[in-house]
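Beneath this line is the structure, given in structure tokens, with notes to follow.
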Amino acid sequence: MSAPAARLEDVSIGYRARGGRPSIVAGGLTVELRRGELVCLLGPNGAGKSTLLRTISGLQLALAGKIFVDGVPLASQKPRDLARRLAVVLTERTEVGALNGFAVAALGRHPYTGWSGALDDADRTATAEALRLAGAEDLAERHFSEMSDGERQRVLIARALAQQPRMMVLDEITAFLDLPRRVSMVRLLQRLTRDHGLSVLLSTHDLDLALRCADRIWLLEMGGRFHAGAPEDLALQGLFERCFSTEGVVFDSRTGSFRLDHRSTRTIRLDGDGTAGVWTRRMLERIGFEPVTGQSFTGEGVLTISDGPRWRWLRNGLGTEYHCLDDVARALAPSDDTRPVQR
Amino acid sequence: MTEHTAADRRQAADALGRGYRLAIWLGLPSVVVLLFVLELAIGSVRIGLAQVIAGLLGRLEDSGARTILLDLRMPRALAAALAGAALGVCGLQLQTLFRNPLAGPWALGITAGAQVGVAFTAMAAAVVGSEFLRAFAAFGSLGTVAGASFGAAAVMTLMAAASRRVSTVALLILGLMLGFMAEGLVSVLLHFTNETQARIYASWSDGSYAGVTWDELRFLAPFVAVGLSLSVALAKQLNALLLGENYARTMGVDVGFARLATLASVVVLAGPVTAYCGPITFLGIITPHICRGLLRTSDHRILTPAVTMAGAALGLVGDLVVHGPWERHFLHLNPVNALIGGPIVIAVILRQRRLGGL
């Protein structure tokens, strides 16, 4: 068995104030990043995700404990050797001046080139390959300053791949991207782990995406408690609810996603399932109803979904037919004529 | 267009780029040589091209022309080319290091620091007395260089520390303030200096390549050579720093060392140049921008030699305008530089605003 891509032994992260006591963000972290594994680092804002990533990347010192990258202690590695093992993509927006995609990606060859930084054929091949893997081939000739956020991220990932690392650390790189681009970015990272044996540690806010794509999740709670495990295990332990639920928003373990926490005081019976059933349920929860299924129960009324889809709302013996959920919502929501008249 | 693949188009673009770059790499040295010859030929006394070539080959009979050519114009042209090259490369390095498109030895107050250093040396000389100076023969050159370099290094250190606390624009204003304070400090120092030293200083504080002697060039040239070599050696590190210090670090750059080495090369370049030529404005800021525009790249491995040549050319251009065949000699170097450089700086600022940078 080869050494894990990274291993933390009882590590404390935080900041060393000059002269003062160090402020510890999280302590006692012991965890491994295995080979060929995609790990998502999750946690609320301010829990120390970036601090942890910066510490593993060697950009700041651990306050205590030992970090091994590729089986070698981080502290004893020369910058150049570390750069051949571990590459980093940061969230910060960078302006590089006038460089095209190829030139930016080729900067990743830094730990391999000689004193002058001149690229030889092997460097050029490695850079081209990195651009291909990152899906950034068509960006090679474009100027970095003219690229969109997503395109820049792909070029920066190509730059990281050009370092030919064993392990990549990416900090919030999906933050500026829209959903389809976020998904394709994570797909890309998944491919790199599956097909090329790269280990990837990715911090993200996107819980939903993390739960679907990550091999394992590292969860950093506010106050420094740390958990690592398969996404499903953490969900079963109820950790996401505890970690992410705030006022008005709850994590629903059954669906694996967030929903707005309405105090549903009003219940109705819902008959119907399938896609229309799912979205009808969501609409009802949104406007403050708790849908219940079951023949014996009626609540305030009965909503029946039929093919089309169409909705039939039956209350007090009066039935009305609707063609869209917007109309159903308006019919169900307290409107002027149902509210008590104020005198 | 459909039958053209992306690779075909890229190849076509490459070929075009290659031809264009070749033209620049042939054009830049040609321009420098041309300007150098013009600098030797043009002036209040006109010396023909045949005479210039004869003079360069050591076969000029006319002793008057020979004196003008070899003892006046030649050292002045060499000083202009060396100073322009040095200041341009300083600007390039400072702009990358401070991530500030308007950085330059003059804009960041480094020139001003060097001036104060020189004024201190002049005052020290006045206090110690000229007898001592005569005994210490090299003082005139090395003392000034040491003073200028020390002043430049002090300001560089200050600015490097300040750049972590203040914004890009604030740093430039800080440089400007340092410039004013240096002026004030210098006039106070001169108040306590004897009259001869003060007069020498006053003429020097204007900035000019005239008056640089062969003796002084023997000191200036090696400093510039060392500084330029250092900047060539630093090109790879500066390229990595284009992405910012964090990225540079993760790509294996020893950022602390790279910063220190860059600052050292700036001091070795800007200090001696200011010691011999006085404060020279604008060349440091504009030369890198001109080269980036010409070559459309920020790659220091390409820019460093280009800036060296373009800087030499701009140094010579400014001096040519000043020492043209005019009836009267009222033109000074820095106003000429300002007329060339001002519009370029303004263009850079306006473009930065549109890009949301600066």
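The values are calculated or read from the model by the stated rules, or taken from the named source; none is laboratory data. Keep in mind the model is a prediction, meaning the values are calculated, not measured. As a convention, Cβ positions derive from the backbone with ideal geometry for all residues, glycine included, and neighbour counts pool all protein chains shown. In case anyone asks, the SASA skips ligands and DNA or RNA and just uses the protein heavy atoms, side chains included. Shrake-Rupley method; radii C 1.70, N 1.55, O 1.52, S 1.80 Å.
Side notes on the structure shown:
- Index of the failed condition, B:Leu358 passing every other in (1) within 24 Å of B:Leu228 (Cα to Cα); (2) modelled with pLDDT under 90: (1)
- Every residue from region B:227-237 that is within 16 Å of B:Gly84 (Cα to Cα) and within 14 Å of another protein chain (Cβ to nearest Cβ): B:Ser229, B:Ser231
- Region A:125-158 - residue that is open to solvent by 30 Å² or more (accessible area, probe 1.4 Å) and away from every other protein chain (no Cβ under 13 Å) and, of those, farthest from A:Met185 (Cα to Cα): A:Thr125
- Tally of residues being within 21 Å of B:Ala146 (Cβ to Cβ) and of a type in the set (A, V, I, L, M, F, W, C) across region B:98-107: 1
Here's the yes/no breakdown for (1) over 30 Å from B:Leu142 (Cβ atoms); (2) away from every other protein chain (no Cβ under 14 Å); (3) among the aromatic types (Phe, Trp, Tyr):
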| site | (1), (2), (3) |
| --- | --- |
| B:Phe257 | no, no, yes |
| B:Leu263 | no, yes, no |
| B:Val266 | no, yes, no |
| B:Val273 | no, yes, no |
| B:Val307 | no, no, no |
| B:His329 | yes, yes, no |
| B:Ile346 | yes, yes, no |
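- Whichever residue in region A:77-112 is more than 7 Å from chain B (Cβ to nearest Cβ), assigned to a loop (DSSP other than H, G, I, E, B) and among the polar types (S, T, N, Q) and, among such residues, is nearest to the chain's Cα centre (by Cα): A:Thr91
Conditions (1) modelled with pLDDT of 95 or more; (2) within 16 Å of A:Ala228 (Cα to Cα); (3) surrounded by fewer than 17 Cβ atoms within 10 Å (Cβ to Cβ); (4) more than 14 Å from every other protein chain (Cβ to nearest Cβ), marked per residue:
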| site | (1), (2), (3), (4) |
| --- | --- |
| A:Ala26 | no, yes, no, yes |
| A:Leu29 | no, yes, no, yes |
| A:Arg35 | no, yes, no, yes |
| A:Val39 | yes, yes, no, yes |
| A:Pro44 | no, yes, yes, yes |
| A:Leu59 | no, no, no, no |
| A:Ala62 | no, no, no, yes |
| A:Ile67 | yes, no, no, yes |
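Table: residues versus (1) over 16 Å from the mean Cα position of the chain (by Cα); (2) farther than 28 Å from A:Val11 by Cα.
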| site | (1), (2) |
| --- | --- |
| A:Thr174 | no, no |
| A:Asp178 | no, yes |
| A:Leu201 | no, no |
| A:His205 | no, no |
| A:Trp218 | no, no |
| A:Leu236 | yes, no |
| A:Phe240 | no, no |
| A:Ser245 | yes, no |
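- Hits in region B:225-260 (condition: more than 21 Å from A:Gln164 (Cβ to Cβ), part of a helix (DSSP H, G or I) and not aliphatic (A, V, I, L, M)): B:Gly227, B:Ser229, B:Ser231, B:Glu245, B:Gly256, B:Phe257, B:Arg259
- Unmet criterion (only one of (1) more than 19 Å from the chain's Cα centre (by Cα); (2) surrounded by fewer than 16 Cβ atoms within 10 Å (Cβ to Cβ); (3) in contact (Cβ under 8 Å) with a residue 40 or more places away in the chain) for B:Asp299: (2)
- Residue pairs whose Cβ atoms lie under 7 Å apart, sitting 6 or more positions apart in sequence or on different chains, and linking a residue in region A:314-343 that is at pLDDT 80 or above to a partner that is part of a loop (DSSP other than H, G, I, E, B), are A:Leu314/A:Gly301; A:Arg315/A:Glu300; A:Arg315/A:Gly301; A:Ala329/A:Ile287; A:Leu332/A:Ile287.
So that you can scan it fast, the table gives a plain yes or no per residue for (1) within 14 Å of chain A (Cβ to nearest Cβ); (2) at pLDDT below 85:
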| residue | (1), (2) |
| --- | --- |
| B:Glu183 | no, yes |
| B:Leu189 | no, yes |
| B:Phe192 | no, yes |
| B:Ser203 | no, yes |
| B:Thr213 | no, no |
| B:Ala225 | no, no |
| B:Asn239 | yes, no |
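- Any hit, region A:10-20, residues being out of contact with any Ser or Thr (no Cβ under 7 Å at 6 or more places or on another chain), without any contact (Cβ under 8 Å) to a residue 24 or more places away in the chain and at negative phi: yes
- Among the residues of region B:289-301, those identified as within 10 Å of chain A (Cβ to nearest Cβ) and not polar (S, T, N, Q) are B:Arg292, B:Gly293, B:Leu295, B:Arg296, B:Asp299, B:His300, B:Arg301.
- Subset of region B:21-47 [loosely packed, with under 15 Cβ neighbours inside 10 Å and at pLDDT below 85]: B:Ser44, B:Val45, B:Arg46
- Against the numbered list (1) open to solvent by 10 Å² or more (accessible area, probe 1.4 Å); (2) within 14 Å of chain B (Cβ to nearest Cβ); (3) among the aliphatic types (A, V, I, L, M); (4) touching a residue at least 24 places away in the same chain (Cβ under 8 Å), A:Leu74 comes up short only at (4).
A quick yes/no check of all residues on (1) surrounded by fewer than 16 Cβ atoms within 10 Å (Cβ to Cβ); (2) under 34 Å from the mean Cα position of the chain (by Cα):
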{"site": "A:Ile268", "(1), (2)": "no, no"}
{"site": "A:Asp271", "(1), (2)": "no, no"}
{"site": "A:Trp279", "(1), (2)": "yes, yes"}
{"site": "A:Ser296", "(1), (2)": "yes, no"}
{"site": "A:His323", "(1), (2)": "yes, no"}
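- Scanning region A:1-17 for residues that are at pLDDT below 90 and in a strand (DSSP E or B) yields a total of 1.
- For region A:155-190, the set of residues classified as in a loop (DSSP other than H, G, I, E, B) and either farther than 20 Å from A:Ser145 by Cα or not acidic (Asp, Glu) (or both) consists of A:Gln163, A:Gln164, A:Pro165, A:Arg166, A:Glu172, A:Ile173, A:Thr174, A:Ala175, A:Phe176, A:Leu177, listed by residue number.
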